[in-house]
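Here's the structure, in structure tokens; my notes come after.
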Amino acid sequence: MKILIYANTDWFMYNFNLELASALVNSGHEVVLLSPPGKYGKKLKDYGFHWVSAPMDRGSLNLFRELKFLSWLVGFLRREKIDLIHSFTLKCAVYGAIAASFAGVRSKVNSITGMGYVFTSMDAKARILRPVITLLMRVTLNNSSSRLLVLNRCDYNFFCDHKIVNLERLRLIPGAGIDCEKYKPSVRVNNKFTVLLAARLLWDKGVLEYVEASKIIKNKGIDIDFLLAGSPDPGNPAAIPESVLSKWSIEGVIKILGHVDDMPTLLGTVDAVALPSYREGLPTGLTEAGACGLPLITTDVPGCNEVVTHEVDGLLVPVKNSIALADAILRLYSDQELCEKLGKAARNKAVAMFDKSIVNKKTIEIYKELEN
């Protein structure tokens, strides 16, 4: 088949779709990658992939601009003679499904990697958009020649309970898949206990709670390094302003690393990973850290609590609770035996559930199901 993989940023494509694209090429399929422009487009091409820049503004609500892009997407699908389109993230899933129907694309796979700003935020804009997006999903994603992929049980139940798609068209896939040979335990060389939060710099990733936890611990006179790795995401309404990040850095509350390309090396220098997110699809950052044998601290919310089982392979804390987050970090800081126990279990779970071979096999099986 000629397969199109479509995502809302080239960064997402580079970080989460490379393994799938490679598996498809190795299986004999022709693969085209489509996303808005960015600095990762060249990297995708350097890997040998046919990447195309899409004239898409993922934050736009301008009706004329969106209709113009949909018209472009229909024409692109027709010109490329795509057999199957696999769209990632909510907006791409809806747009990809609409365009594919007009272009006559035979098969459609839509991956909802997280419910995102519209379903996470409680601000007025999100509340207004929520019923509109729900209706759009119900109209566009429930098609006999399509499958909807979600990453966690809560999202699965959401689509069932709201009758957005028929049950036989809904699938649960455990994340994007990680390379457990690339992400593996290593010997720590740092002397100071170090915690890492690696995520897009959005409020709903729990960055504020992470900063507050750092302040609580530092006020106790305990010397722990708090690292923050990630890039600002100006296209997201929940993006943290640069001025706020700069203030935290100047205060010395956290060390801001910016975007990090070599995550396995960075994970090899820390003692624990925290992700106090408000909600996730299935957080790849946690599965990568788990594969590296690190103890995990995250919130007891959808997505996160499917990666971490409390007291088994990590610690769960209440959402938006910086005190509980600080207590969990201090617990790991004071108990090396617990760190080793949780880290070993996290590695075992990553290999058994989240390895790329498992996830890619399940995804390609869905492609074959539609092909038949």
What about S60, is it under 26 Å from R130 (Cα atoms) and either at pLDDT 95 or above or assigned by TED's automatic domain parsing to the domain that holds L282 (or both)? no
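Being among the aliphatic types (A, V, I, L, M), touching a helix residue (DSSP H, G or I) at 6+ places or on another chain (Cβ under 9 Å) and over 30 Å from L18 (Cβ atoms) narrows it down to one residue among I323, I358; which is it?
One residue alone meets the criteria, I323.
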Which number in (1) of a type in the set (A, V, I, L, M); (2) within 21 Å of Y278 (Cα to Cα); (3) at pLDDT below 95 marks the one condition that V260 misses? (2)
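Each row is one residue, and each column tells you yes or no for (1) more than 30 Å from F158 (Cα to Cα); (2) in contact with an Asp or Glu (Cβ under 6 Å, 6 or more places away or on another chain); (3) of a type in the set (F, W, Y).
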residue: L257; (1), (2), (3): yes, no, no
residue: G268; (1), (2), (3): yes, no, no
residue: A274; (1), (2), (3): no, no, no
residue: Y278; (1), (2), (3): no, yes, yes
residue: I297; (1), (2), (3): no, no, no
residue: H310; (1), (2), (3): no, no, no
residue: I323; (1), (2), (3): yes, no, no
Considering only region 1-41, state which residues are part of a helix (DSSP H, G or I), among the polar types (S, T, N, Q) and surrounded by fewer than 19 Cβ atoms within 10 Å (Cβ to Cβ). N15, S22, N26
Of all residues being surrounded by 15 or more Cβ atoms within 10 Å (Cβ to Cβ) and charged (D, E, K, R) in region 224-272, which is farthest from L296 (Cα to Cα)? Just the residue, please. D233
Quick check on D327: is it at pLDDT 95 or above, over 18 Å from the mean Cα position of the chain (by Cα) and among the acidic types (D, E)? yes
Please note which helices (runs of 4 or more DSSP H) are completely contained in region 52-127 and include at least 3 residues that are free of Cβ contacts under 8 Å to residues at least 12 places away in the same chain and more than 24 Å from G41 (Cβ to Cβ). 63-80
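The values are calculated or read from the model by the stated rules, or taken from the named source; none is laboratory data. Small disclaimer: the values here were computed from a predicted structure and weren't measured. All Cβ positions, glycine included, derive from the backbone under ideal geometry; neighbour counts span all protein chains shown.
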